[in-house]
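Beneath this line is the structure, given in structure tokens, with notes to follow.
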Amino acid sequence: MYEKLEAVSRIQKTHGKRGEVVAQPCDGLPPLLSEGMRVCAVPPELRRPRWHEVVRVSDAGSGSLVRLSGVDSIDSASKLVGKTLLVRASDLPDDVELMRADALVGVFVVDEKAGDLGAIVEVMRTPAQDVIVVEGEPGQTMIPLVDEFVVSFDDDKSLLVVNVPKGLIGGAS
């Protein structure tokens, strides 16, 4: 029987001469790679190992700096650039589907001061942070998904409570 695999990161570039790579999360996920995790690089290369173990992972500012087993030179690391890392679904958190940015579409948003803002209709990916686009009675509101604005997210992931500056609500200035 086959186990389900999930795409969690894409290798963006090499880092240094010892085989480390910089990996970006896929599909709006947060960084999920951790030491000891087994990953499969796809599409696979013929005559090369498909599975690797994450030996080390740290924040690289522009992604995660990752060291994989069997990747010990810039040459072997460069062959992984552009590949997607798959992980067994059973090795991921139970709520991984709710971590995807697209899972936020349809979630209702309430501001602590202004009240109901409407529902999330889009999640925009930007280099700095994700931005949710909310449409409702006050009009269209674009809210950066940052800790400063997010107050809470209920247990069933159907209500997001925010506290945003008045100038962001409904495009008001």
For the stretch 25-74, how many residues meet the condition of being farther than 15 Å from VAL8 by Cβ and out of contact with any helix residue (DSSP H, G or I) (no Cβ under 7 Å at 6 or more places or on another chain)?
-> 22
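Given the structure, is VAL133 out of contact with any His (no Cβ under 9 Å at 6 or more places or on another chain), open to solvent by less than 60 Å² (accessible area, probe 1.4 Å), part of a strand (DSSP E or B) and modelled with pLDDT of 90 or more? Let's see the steps before the verdict.
On the way: out of contact with any His (no Cβ under 9 Å at 6 or more places or on another chain): yes; open to solvent by less than 60 Å² (accessible area, probe 1.4 Å): yes; part of a strand (DSSP E or B): yes; modelled with pLDDT of 90 or more: yes.
For VAL133, the condition - out of contact with any His (no Cβ under 9 Å at 6 or more places or on another chain), open to solvent by less than 60 Å² (accessible area, probe 1.4 Å), part of a strand (DSSP E or B) and modelled with pLDDT of 90 or more - is met.
The rows are residues; the columns are (1) at pLDDT below 80; (2) small (Gly, Ala, Ser); (3) assigned to a strand (DSSP E or B); (4) within 30 Å of VAL8 (Cβ to Cβ).
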{"residue": "ASP116", "(1), (2), (3), (4)": "no, no, yes, no"}
{"residue": "VAL121", "(1), (2), (3), (4)": "no, no, yes, yes"}
{"residue": "ILE143", "(1), (2), (3), (4)": "no, no, yes, yes"}
{"residue": "ASP155", "(1), (2), (3), (4)": "yes, no, no, yes"}
Taking the stretch 13-24, which residues are open to solvent by less than 90 Å² (accessible area, probe 1.4 Å) and at pLDDT 90 or above?
-> THR14, HIS15, GLY19, GLU20, VAL21, VAL22, ALA23, GLN24
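Can you go through ARG50, ARG56 and tell me which one is in contact with a Pro (Cβ under 6 Å, 6 or more places away or on another chain) and either over 24 Å from VAL131 (Cα atoms) or among the β-branched types (Val, Ile, Thr) (or both)?
Details: ARG56 fails: in contact with a Pro (Cβ under 6 Å, 6 or more places away or on another chain).
Exactly one of ARG50, ARG56 is in contact with a Pro (Cβ under 6 Å, 6 or more places away or on another chain) and either over 24 Å from VAL131 (Cα atoms) or among the β-branched types (Val, Ile, Thr) (or both), namely ARG50.
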Taking first residues from the stretch 12-38 that are at positive phi and second residues anywhere that are open to solvent by less than 90 Å² (accessible area, probe 1.4 Å) and β-branched (Val, Ile, Thr), the pairs with Cβ under 9 Å that are 6 or more apart or on different chains are GLY16/ILE74; GLY19/VAL71; GLY19/ILE74; ASP27/VAL8; GLY28/VAL123; GLY36/VAL54; GLY36/VAL55
Unmet criterion (only one of (1) assigned to a strand (DSSP E or B); (2) within 28 Å of MET124 (Cβ to Cβ)) for LEU33 | (1)
Count of the stretch 36-67 residues which are open to solvent by less than 30 Å² (accessible area, probe 1.4 Å), in a loop (DSSP other than H, G, I, E, B) and farther than 24 Å from LEU104 by Cβ = 1
Answer with yes or no whether ALA128 is surrounded by 15 or more Cβ atoms within 10 Å (Cβ to Cβ), out of contact with any strand residue (DSSP E or B) (no Cβ under 6 Å at 6 or more places or on another chain), at pLDDT below 85 and over 30 Å from ARG48 (Cβ atoms).
-> no
Would the stretch 76-90 turn up any residue that is in contact (Cβ under 8 Å) with a residue 60 or more places away in the chain, open to solvent by less than 20 Å² (accessible area, probe 1.4 Å) and among the small types (Gly, Ala, Ser)?
-> yes
Is it fair to say ALA77 is out of contact with any Lys or Arg (no Cβ under 6 Å at 6 or more places or on another chain), more than 28 Å from VAL123 (Cβ to Cβ) and of a type in the set (A, V, I, L, M)?
-> yes
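The values are calculated or read from the model by the stated rules, or taken from the named source; none is laboratory data. In this text the structure is predicted, and so the values were computed from the model without any measurement. Note that we place each Cβ from the backbone using ideal geometry, even for glycine, and neighbour counts take in every protein chain shown. Areas reflect the complete protein model, heavy atoms only, side chains present, ligands, DNA and RNA absent. Shrake-Rupley method; radii C 1.70, N 1.55, O 1.52, S 1.80 Å.
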